[in-house]
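Just so you know, all these numbers are worked out from the coordinates, no wet-lab data involved. Being a predicted model, the structure only gives us computed values, none of them experimental. Glycine gets a Cβ as well: all are built from the backbone with ideal geometry, and neighbour counts include every protein chain shown.
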Amino acid sequence: GGEGAALTALDIGTGSGALAVTLAAERPAWRVFASDLSPDALEVARGNAAANGVGERIAFAQGDLLEPFIAAERGGAGTAAEGGLAADILVSNPPYIPSADLPGLQREVRDYEPRLALDGGPDGLAPYRRMAERLRLLPRLPRLVAWEVGAGQADDAAALLRAAAEWERIWFVKDYAGIDRHVMAIRR
C-alpha cells in the first residue's frame, strides 16, 4: 500500500523512545509498539511520546527485546496481545557495546547511561543474536527489519538475519562517518 497503509511497527529496546515517537509522528496511520527491559527507560519514553503529542498512539511494553510480543504458548511473555503481535516492520537500536569496552567509554557516557542500555554482551552482538533467534516466534516475520549496529558489526548482524529467515535483500546504510550503521532486511 501507499503511505496511508496501516502498518504495525515494533521498536525493540526503545530506550528514550526516539524511534517509536518518530514513527508515530511521521506515520499517523501506523500502529506503533515499543518495548524496553528498563521500567525507567519506558517512563522516559512515555514522557517523550506525550511531549510530542503521540502518547496515545504508542503501546509500551516492559520486557526483554521481542519477548513481550511473543505469545505465551510460544514461550514469550505474551503481554502484548493474545497470540502475539504480527508486525510489518521491526526497528531496533539495542545496546551493542562489547562488555569489555564499557570501562573505556568516555566517563560522561559510562556514568550517565544505564549499563543496561550499553552492554551488548561479550561481542556486542548478544541483543541481535537473541532477536534473530526469536524472530520466528512472532506470529509472522516482519517484512522489514532495520537494526542500528556498532562499528564493524554490520556483517555479523546481517549473517544472523540470514540464518534466521529468507530475505529478498539485505543491505547496509552508512552514517555520516561512512560506517555501516544500519542493517536492513526486506522480504516481499
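Overview of values
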read-out	value
Formal net charge of residues neighbouring R74 (Cβ-Cβ distance under 10 Å; K, R +1; D, E -1)	+1
For R169, net neighbour charge (Lys/Arg +1, Asp/Glu -1) across residues whose Cβ lies under 12 Å away	+2
Per-peptide average of other Cβ atoms within 10 Å, ordering 152-161, 37-46, 13-22 highest first	13-22, 152-161, 37-46
Cβ crowding within 10 Å averaged over residues, with 61-67, 132-138 ranked highest first	61-67, 132-138
Whole-angstrom Cα spans of the stretch 1-78 along principal axes, big to small	34, 31, 16
